[in-house]
1. Any residue at all in segment 11-27 that is more than 16 Å from the ligand (Cβ to nearest atom) and under 16 Å from the mean Cα position of the chain (by Cα)?
2. Every residue in segment 50-71 that is more than 17 Å from Ile171 (Cβ to Cβ) and away from the ligand (no atom under 16 Å from the Cβ), please.
3. Would you confirm, using the coordinates I've provided, whether Ala74 is part of a helix (DSSP H, G or I) and away from the ligand (no atom under 16 Å from the Cβ)?
4. Quick check, is Gly35 more than 9 Å from the ligand (Cβ to nearest atom), in a loop (DSSP other than H, G, I, E, B) and at pLDDT below 95?
5. Tally up the residues in segment 131-153 that are loosely packed, with under 12 Cβ neighbours inside 10 Å and part of a loop (DSSP other than H, G, I, E, B), please.
6. Which of the residues spanning segment 111-130 are near the ligand (Cβ under 9 Å from one of its atoms) and surrounded by 13 or more Cβ atoms within 10 Å (Cβ to Cβ)?
7. Run Val63 past the list (1) surrounded by fewer than 18 Cβ atoms within 10 Å (Cβ to Cβ); (2) in contact (Cβ under 8 Å) with a residue 24 or more places away in the chain and report the number of the one that doesn't hold.
8. What's the number of the only condition in (1) more than 22 Å from Ser42 (Cα to Cα); (2) surrounded by fewer than 17 Cβ atoms within 10 Å (Cβ to Cβ) that Pro168 fails to meet?
Amino acid sequence: MPEAAVSKLLVAYSTRYGSTRVIAEAVASVLEQKGAQVDVLSVEEVESLAGYDAAVIGAPVHVGRWVREARDFAAGFAGELRAMPVAVFAAGIALARDPDKSDELATAWMKGVRNLLQPVAAAAFAGELDTSKLSVVWKILLAVIRAPRGDYRDWDKIRTWADSIAAPLGIEGASGESSGQRL
Ligand SMILES: Cc1cc2nc3c(=O)[nH]c(=O)nc-3n(C[C@H](O)[C@H](O)[C@H](O)COP(=O)(O)O)c2cc1C
């Protein structure tokens, strides 16, 4: 029997300043083109995972790990999420300086959630940092560690990754490329 196509996918994101939401929307748009029916919701908006066949969760990194809301979401829904294919991503400004460290930082930033959910894919992306929105304390701290300011989101990289996770998430490719095999 051929495996059924994913009928419904959740892209859940957390964001403090808005830029990770736009990454989540770009990922969702690619997966929609692959044939999935996609809801994009902030982690605070998700009340239930009933009806979803797979999920993508994305969050910014603060002080070396996913922000608390995303960690709480993963922990709170761990039972349901472990029963479906899940992909995770993180956005941090450190990758603006060291784009080659993407695999290393994807491991370091999401260690906890990777152990908890065993995701089928995990990626780290360069994000956006606008220090004008921050408190004086954070402005000083980020200046001390010389965090780069600006928008470093690499849309080609983000869309390429989204394309690559369609098959592991069980989406039957609209292009016919995906085998729908779950890893
Ligand atoms: C308080 C604070 C702490 C941060 N800590 C890190 C960090 O440890 N590593 C990193 O790469 N980026 C760090 N960043 C940068 C954010 O992860 C990055 O700007 C992200 O793209 C913001 O996403 P958002 O616009 O969705 O909130 C920090 C930003 C803030 C405001």
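The values are calculated or read from the model by the stated rules, or taken from the named source; none is laboratory data. Remember, it's a predicted structure, so these values are computed and weren't measured experimentally. For neighbour counting, all protein chains shown are included, and Cβ atoms are generated from backbone atoms with ideal geometry for every residue, glycine included.
1. Of segment 11-27, the ones more than 16 Å from the ligand (Cβ to nearest atom) are none.
For segment 11-27, residues more than 16 Å from the ligand (Cβ to nearest atom) and under 16 Å from the mean Cα position of the chain (by Cα): absent.
2. Ala50
3. On the way: part of a helix (DSSP H, G or I): yes; away from the ligand (no atom under 16 Å from the Cβ): yes.
In short, yes.
4. Values: more than 9 Å from the ligand (Cβ to nearest atom): yes; in a loop (DSSP other than H, G, I, E, B): yes; at pLDDT below 95: yes.
In short, yes.
5. Of the residues in that region, 3 qualify.
6. Residues of segment 111-130 near the ligand (Cβ under 9 Å from one of its atoms): 124-130.
Those that are near the ligand (Cβ under 9 Å from one of its atoms) and surrounded by 13 or more Cβ atoms within 10 Å (Cβ to Cβ): Ala124, Phe125, Ala126, Gly127, Glu128, Leu129.
7. Here Val63 clears every test but (2).
8. All conditions pass for Pro168, except number (2).
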